[in-house]
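To start, the structure under review is shown below, and the notes come after it.
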Amino acid sequence: VEAASIGFVVVIDRRRDKWSSVKASLTRIAVAFPGNLQLIFILRPSRFIQRTFTDIGIKYYRNELKKKVPIIMVNSVSDLHGYIDKSQLTRELGGTLEYRHGQWVNHRTAIENFALTLKTTAQMLQTFGACLATTELPRSMLSTEDLLMSHTRQRDKLQDELKLLGKQGATLLSCIQEPVTKCPNSTLNLNQLENVTTMERLLIQLDETEKAFSQFWSSHHLKLNQCLQLQHFEHDFCKAKLTLDNLLEEQAEFTGIGDSVMHVEQLLKEHKKLEEKSQEPLEKAQLLALVGDQLIQSHHYAADTIRPRCVELRHLCDDFINGNKKKWDILGKSLEFHRQLDKVSQWCEAGIYLLASQAVDKCQSREGVDIALNDIATFLGTAKEYPLLSPKEFYNEFELLLTLDAKAKAQKVLQRLDDVQEIFHKRQVSLMKLAAKQTRPVQPVAPHPESSPKWVSSKTSQPSTSVPLAPPLRTSEEPYTETELNSRRKEDDETKFEVKNEEIFASRHERGNPELEQQARLGDLSPRRYSSQYFK
């Protein structure tokens, strides 16, 4: 490039030619020489006639080219050496320059073709880059995948061309440097050095072009990949959110807490199925949130869009998990609630059955009364095996579960417990009365003369102011009067009547007498007065 800017000097050797060849050369130079021509040297034909024609004809061409290029006619090579140094001339012109015209032409042609190919490739890369820069990001995953594959194919094709061009340039450079490679002691001439410099410059340009294109492609490829990642994330997010919403909706439908032990156990089974069903969606949602975190950490261009999605996923998962935990707690307490009520009901049923099975006829003897009292005491002792809560403790523990139905059921059971306790208390009192009457001691008293109705003390005729004595004790041999017998029978009948009434009361309670099972108002579950031995 530097030499071309300075200009060229042309040497025309026509020593063995005619004037016509000199004329043709000058014509071609005047018409088609591409560079900046500074000077023309012509070696005259050696024959006399041709030299004469040349001298005559050159005057005409000198006048034509005089304004553009000066022409110098020399007769011999020695005259030419006076103008040009021998190191700049080939051996044909008496110089020392190693020059092979065919090789020079081949190298120059190859270099120019390489430069043209490099220029064309650079223009293709520029056009492709402009196309990539103006491409809008698709909105669907399939479109993005197709676009990414299409751009990748075009990029691979251009990349292959760049690699092939690089190999061609390296091969051409090695061909130019072949003399030095074969003989390290030799040196390259100026033309060869110039060709080497040109090729090195073109290869550097090719390398810079390839690096710039690779950098641009990396940016574009990353953008397309991030777009595809975002679309996959959004697609998976919509699926995960829909699944979690359905699970939360299904969870919200589990509003019941059960009205019996069997019902609560069934609800627990259904809730367990829901929990097992939710395991996989929850794991996918949590994994998707982690993928979103990784995209944010990789400086994704849509980080501001991904971050709220991750927060929402974790929030939905936490809501479902916390709802499950709360539901487990409520159902667990509901199960304990109904189990407590069932235990109380079973205890009451057993007590009623015991009372109903104690016949009045068996309680006529002391032994029968003792057996009945012992059975009652034994049964009351079984209350310690049941963790029966007091009404206050019962209310405090199951306050959250006390709906209208639960209050009604609890009120009914606790009222029944109160009734059964009252029955037991009355039965114990009645049996104790029977036992007391049957074990009343009769004290034997020896007869005294004073007790005879015929004997009257002399002192009795006299009035006295002392306190009257208690009625005398009756001996076992002394018969009762009719009035006393009637009074004794009346007391026994009353005691038996009380026991009989308790049996009737217990049997009616066992059959579910509505009067006994009538519950108090639903809003009043405040602690009642119960015997402390049943609520510990």
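Results, tabulated for the structure shown:
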{"quantity": "Residue match in segment 364-372 (condition: under 13 Å from Gln428 (Cβ atoms), touching a Leu at 6+ places or on another chain (Cβ under 6 Å) and either at pLDDT 85 or above or in a helix (DSSP H, G or I) (or both))", "calculated": "yes"}
{"quantity": "Whichever residue in segment 137-189 is among the hydroxyl-bearing types (Ser, Thr, Tyr) and part of a helix (DSSP H, G or I) and, among such residues, is nearest to Phe233 (Cα to Cα)", "calculated": "Thr144"}
{"quantity": "Any hit, segment 88-97, residues being over 20 Å from Glu208 (Cα atoms), touching a residue at least 12 places away in the same chain (Cβ under 8 Å), touching a Gly at 6+ places or on another chain (Cβ under 6 Å) and not in a helix (DSSP H, G or I)", "calculated": "yes"}
{"quantity": "Segment 99-116, residues that are out of contact with any Asp or Glu (no Cβ under 9 Å at 6 or more places or on another chain) and not hydrophobic (A, V, I, L, M, F, W, C)", "calculated": "Arg100, His101, Gly102, Gln103, Asn106, His107, Arg108, Thr109, Glu112, Asn113"}
{"quantity": "Every residue from segment 311-331 that is in contact (Cβ under 8 Å) with a residue 24 or more places away in the chain and either among the hydrophobic types (A, V, I, L, M, F, W, C) or in contact with a Gly (Cβ under 7 Å, 6 or more places away or on another chain) (or both)", "calculated": "Leu313, Leu316, Cys317, Phe320, Ile321, Trp328, Ile330, Leu331"}
{"quantity": "Residue within segment 188-206 that is farther than 30 Å from Leu97 by Cα, out of contact with any Pro (no Cβ under 8 Å at 6 or more places or on another chain) and modelled with pLDDT of 90 or more present", "calculated": "yes"}
{"quantity": "Residue match in segment 339-361 (condition: within 37 Å of the chain's Cα centre (by Cα), surrounded by 15 or more Cβ atoms within 10 Å (Cβ to Cβ) and aliphatic (A, V, I, L, M))", "calculated": "no"}
{"quantity": "Conditions (1) under 30 Å from Leu206 (Cβ atoms); (2) touching a strand residue (DSSP E or B) at 6+ places or on another chain (Cβ under 7 Å); (3) modelled with pLDDT under 75: number failed by Ser5", "calculated": "(2)"}
{"quantity": "Selection status of Asp419, of a type outside the set (Val, Ile, Thr), touching a His at 6+ places or on another chain (Cβ under 7 Å) and at pLDDT 85 or above", "calculated": "yes"}
{"quantity": "Unique match (being among the aliphatic types (A, V, I, L, M) and at pLDDT 95 or above) among Leu313, Leu335, Leu331", "calculated": "Leu313"}
{"quantity": "Segment 98-127: number of residues that are closer than 14 Å to Thr198 by Cα, under 60 Å from the mean Cα position of the chain (by Cα) and either in contact (Cβ under 8 Å) with a residue 12 or more places away in the chain or buried (at least 16 other Cβ atoms within 10 Å of the Cβ) (or both)", "calculated": "3"}
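Per-residue answers, yes or no, for (1) of a type in the set (S, T, N, Q); (2) within 30 Å of Gln88 (Cβ to Cβ):
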residue	(1), (2)
Ile111	no, yes
Leu118	no, no
Leu125	no, no
Ala133	no, no
Ser143	yes, no
Asp156	no, no
Ala170	no, no
Thr198	yes, yes
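The values are calculated or read from the model by the stated rules, or taken from the named source; none is laboratory data. Just so it is clear, the structure is predicted and the values come from calculations on it, not from any experiment. Quick reminder, even Gly has a Cβ in these numbers, built from the backbone with ideal geometry, and neighbours come from all protein chains shown.
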